[in-house]
Amino acid sequence: MTTSSKKGIVTLIIATFFLSLMDGMSRYMAELYDVLNINMFRFWIIGSFVIVISLRGRGVLRSILKTKQPIAQISRGLLFISSLLMAIYSYTQVGLIVTHALMAVFPLLTVLLSGVFLKEEITQIKIIAVGVGFIGVIIIINPVNLQFSLVSFLPLISAVTFAIYAVLTRKVALTDNTETSFFWVSLVSAIAITIPSPLFYNPIQFSDIYFLILLCMFSLLGHFLLTNAYRYTEASVLQPFSYFHLFFASIVGIIFFKDPLTISTVAGGLLIVFGGILISKKS
């Protein structure tokens with residue numbers, strides 16, 4: 001393994017740690033305030049930071065705004081914010097562990113959707129991996145358990161939405177750079193979430209602004225490190241280590257929110273992770 005690959009792996013693991021703290025903070029705030037309000041403030045704060053960074057040189061902001069696929073970029077933003085809101089709401093309903101265990105299926109869904117829409121090759125090993133992951137989902141959801149409500153499917157719907165977002169991200173990457181794609185997602189998400197937010201407005205208490213700032217900091221750090229990790233090495237090398245997000249999120253859920261760790265969640269999660277690793281090794 002090259003030094004560059006090792007740097008990428010370490011950077012990714014640190015990124016998943018901060019993203020897990022972000023998830024925990026999102027759940028904490030969502031239990032106190034409306035999900036739309038929290039994320040409206042979050043995206044405008046992060047969006048403002050991105051704009052400030054973009055103003056570092058003449059013409060930089062204009063070049064970042066320029067895209068050859070505006071419809072795809074707008075669609076990405078809407079898909080991203082939809083997936084995020086469903087995930088955060090899921091944190092408050094089924095916990096961090098189950099939410100992340102089910103959302104871990106998104107790389108498998110991305111493979112299927114990429115084959116359909118991007119005409120990427122779907123090999124036999126990929127089909128097997130997706131099948132293994134699907135069995136993991138069934139084990140976690142446990143349809144025979146009558147206590148499992150329809151809201152328990154939200155993480156899975158969020159994963160499907162995020163998989164479509166990932167496919168569109170691959171598509172726009174052919175013509176637009178990373179900065180442009182990141183800016184458009186932030187802008188569209190901020191605008192989309194601001195429109196309905198006044199209907200559910202709930203002023204944030206001054207004592208909780210500290211937690212909102214922490215949420216934004218964890219988000220920026222996590223996504224910044226995540227982006228840099230993929231600059232060091234290939235996605236296929238990093239994919240198996242992305243499941244550290246599930247590991248760290250589970251720890252946050254158990255320690256701070258007393259989330260239960262059931263045998264079915266562990267078994268199903270392991271199958272989903274195995275399916276994801278199988279795909280990355282054969283890609």
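Please specify each residue of the range 201-237 satisfying the condition of being of a type in the set (Ser, Thr, Tyr), within 19 Å of the chain's Cα centre (by Cα) and under 24 Å from Ser82 (Cβ atoms). Explain how you work it out, then say what you get.
We begin by selecting, within the range 201-237, every residue of a type in the set (Ser, Thr, Tyr); these are 201, 207, 210, 219, 227, 230, 232-233, 236.
Add one more test, that the residue is within 19 Å of the chain's Cα centre (by Cα), and what stays is 219, 227, 230, 236.
Ser219, Thr227, Tyr230 - these are the residues of the range 201-237 that are of a type in the set (Ser, Thr, Tyr), within 19 Å of the chain's Cα centre (by Cα) and under 24 Å from Ser82 (Cβ atoms).
Return yes or no: is Ile279 in a helix (DSSP H, G or I), surrounded by 15 or more Cβ atoms within 10 Å (Cβ to Cβ), of a type outside the set (Gly, Ala, Ser) and out of contact with any Lys or Arg (no Cβ under 7 Å at 6 or more places or on another chain)?
Values: in a helix (DSSP H, G or I): yes; surrounded by 15 or more Cβ atoms within 10 Å (Cβ to Cβ): yes; of a type outside the set (Gly, Ala, Ser): yes; out of contact with any Lys or Arg (no Cβ under 7 Å at 6 or more places or on another chain): no.
No; evaluated as a whole, the condition is false for this residue.
Looking at Thr92, Thr99, which one is crowded, with 24+ Cβ neighbours inside 10 Å, within 25 Å of Leu261 (Cα to Cα), touching an Asp or Glu at 6+ places or on another chain (Cβ under 9 Å) and in contact (Cβ under 8 Å) with a residue 12 or more places away in the chain?
Working: Thr92 fails: crowded, with 24+ Cβ neighbours inside 10 Å.
Unique residue meeting the criteria: Thr99.
Exactly one of (1) within 30 Å of Lys119 (Cα to Cα); (2) among the hydroxyl-bearing types (Ser, Thr, Tyr); (3) crowded, with 18+ Cβ neighbours inside 10 Å is unmet by Thr265. Its number?
(1)
Among Pro240, Pro198, which is the only one that is within 19 Å of the chain's Cα centre (by Cα), part of a helix (DSSP H, G or I), farther than 28 Å from Ile64 by Cβ and not aliphatic (A, V, I, L, M)? Give the derivation first.
Working: Pro198 fails: within 19 Å of the chain's Cα centre (by Cα).
Being within 19 Å of the chain's Cα centre (by Cα), part of a helix (DSSP H, G or I), farther than 28 Å from Ile64 by Cβ and not aliphatic (A, V, I, L, M) holds for just one of Pro240, Pro198, which is Pro240.
Looking at (1) farther than 26 Å from Leu270 by Cβ; (2) in a helix (DSSP H, G or I); (3) not β-branched (Val, Ile, Thr), which is the one condition that is false for Leu109?
Failed condition: (1).
Which members of the range 112-131 meet the condition of being part of a loop (DSSP other than H, G, I, E, B) and either buried (at least 23 other Cβ atoms within 10 Å of the Cβ) or not acidic (Asp, Glu) (or both)?
We begin by selecting, within the range 112-131, every residue part of a loop (DSSP other than H, G, I, E, B); these are 118-123.
Leu118, Lys119, Ile122, Thr123 - these are the residues of the range 112-131 that are part of a loop (DSSP other than H, G, I, E, B) and either buried (at least 23 other Cβ atoms within 10 Å of the Cβ) or not acidic (Asp, Glu) (or both).
Is it the case that the range 32-41 has a residue that's among the aromatic types (Phe, Trp, Tyr), surrounded by 23 or more Cβ atoms within 10 Å (Cβ to Cβ) and at pLDDT below 90? Break it down into steps so the answer makes sense when it comes.
Initial filter on the range 32-41 (among the aromatic types (Phe, Trp, Tyr)): 33, 41.
Checking which are surrounded by 23 or more Cβ atoms within 10 Å (Cβ to Cβ) leaves us with none.
There is no residue in the range 32-41 that is among the aromatic types (Phe, Trp, Tyr), surrounded by 23 or more Cβ atoms within 10 Å (Cβ to Cβ) and at pLDDT below 90.
When you scan the range 218-229, do you find a residue that is farther than 25 Å from Phe41 by Cβ, out of contact with any strand residue (DSSP E or B) (no Cβ under 9 Å at 6 or more places or on another chain) and surrounded by fewer than 16 Cβ atoms within 10 Å (Cβ to Cβ), even just one? Even if it seems obvious, please write down each step before you answer.
Of all residues in the range 218-229, those farther than 25 Å from Phe41 by Cβ come to 228-229.
Okay, now just the ones that are also out of contact with any strand residue (DSSP E or B) (no Cβ under 9 Å at 6 or more places or on another chain), so 228-229.
Then drop every residue that is not surrounded by fewer than 16 Cβ atoms within 10 Å (Cβ to Cβ), which leaves 228.
Yes, the range 218-229 has at least one match.
Do we have any residue at all in the range 70-82 that's among the charged types (D, E, K, R), surrounded by 21 or more Cβ atoms within 10 Å (Cβ to Cβ), under 21 Å from the mean Cα position of the chain (by Cα) and over 30 Å from Leu278 (Cβ atoms)? Write out each step before concluding.
Just the residues of the range 70-82 that are among the charged types (D, E, K, R), to begin with: 76.
Narrowing further to those that are surrounded by 21 or more Cβ atoms within 10 Å (Cβ to Cβ): 76.
Of the ones still in play, those that are also under 21 Å from the mean Cα position of the chain (by Cα) are 76.
With over 30 Å from Leu278 (Cβ atoms) added as a condition, the list becomes none.
Checking the range 70-82: not a single residue is among the charged types (D, E, K, R), surrounded by 21 or more Cβ atoms within 10 Å (Cβ to Cβ), under 21 Å from the mean Cα position of the chain (by Cα) and over 30 Å from Leu278 (Cβ atoms).
With the requirement that a residue be among the polar types (S, T, N, Q), under 29 Å from Thr92 (Cα atoms) and in contact (Cβ under 8 Å) with a residue 12 or more places away in the chain, what does the range 225-283 give you?
Here is the first cut: in the range 225-283, the residues among the polar types (S, T, N, Q) are 227-228, 233, 236, 239, 242, 250, 262, 264-265, 280, 283.
Those still in the list that are under 29 Å from Thr92 (Cα atoms) too: 227, 239, 242, 250, 262, 264-265.
Residues satisfying the conditions are Thr227, Gln239, Ser242, Ser250, Ser264, Thr265.
Could you tell me whether any residue of the range 10-19 is without any contact (Cβ under 8 Å) to a residue 12 or more places away in the chain, over 21 Å from the mean Cα position of the chain (by Cα), in a helix (DSSP H, G or I) and on the phi < 0 side of the Ramachandran plot? Let's see the steps before the verdict.
Quick first cut of the range 10-19, residues without any contact (Cβ under 8 Å) to a residue 12 or more places away in the chain only: 10.
Filter once more, so that each one left must be over 21 Å from the mean Cα position of the chain (by Cα): none.
No, the range 10-19 has no match at all.
What about Lys68, is it outside any helix (DSSP H, G or I), at positive phi and out of contact with any helix residue (DSSP H, G or I) (no Cβ under 6 Å at 6 or more places or on another chain)? Before the answer, list the steps.
Numbers: outside any helix (DSSP H, G or I): yes; at positive phi: no; out of contact with any helix residue (DSSP H, G or I) (no Cβ under 6 Å at 6 or more places or on another chain): yes.
When the stated conditions are applied, Lys68 does not pass them.
Every residue in the range 155-171 that is touching a Lys or Arg at 6+ places or on another chain (Cβ under 7 Å) and β-branched (Val, Ile, Thr), please.
Start the filter on the range 155-171 by keeping residues that are touching a Lys or Arg at 6+ places or on another chain (Cβ under 7 Å), which leaves 165, 168-169.
Listed by number, the list holds a single entry, Thr169.
Tell me which of these Phe134 doesn't satisfy, since it passes every other one: (1) farther than 26 Å from Ala192 by Cβ; (2) modelled with pLDDT under 80.
Every condition holds for Phe134 apart from (2).
Pick out the one residue from Ile193, Ile213, Ile157 that is buried (at least 21 other Cβ atoms within 10 Å of the Cβ) and assigned to a helix (DSSP H, G or I).
Unique residue meeting the criteria: Ile193.
The values are calculated or read from the model by the stated rules, or taken from the named source; none is laboratory data. Just so it is clear, the structure is predicted and the values come from calculations on it, not from any experiment. Counting neighbours? That spans all protein chains shown, and the Cβs are built from the backbone with ideal geometry, glycine included.
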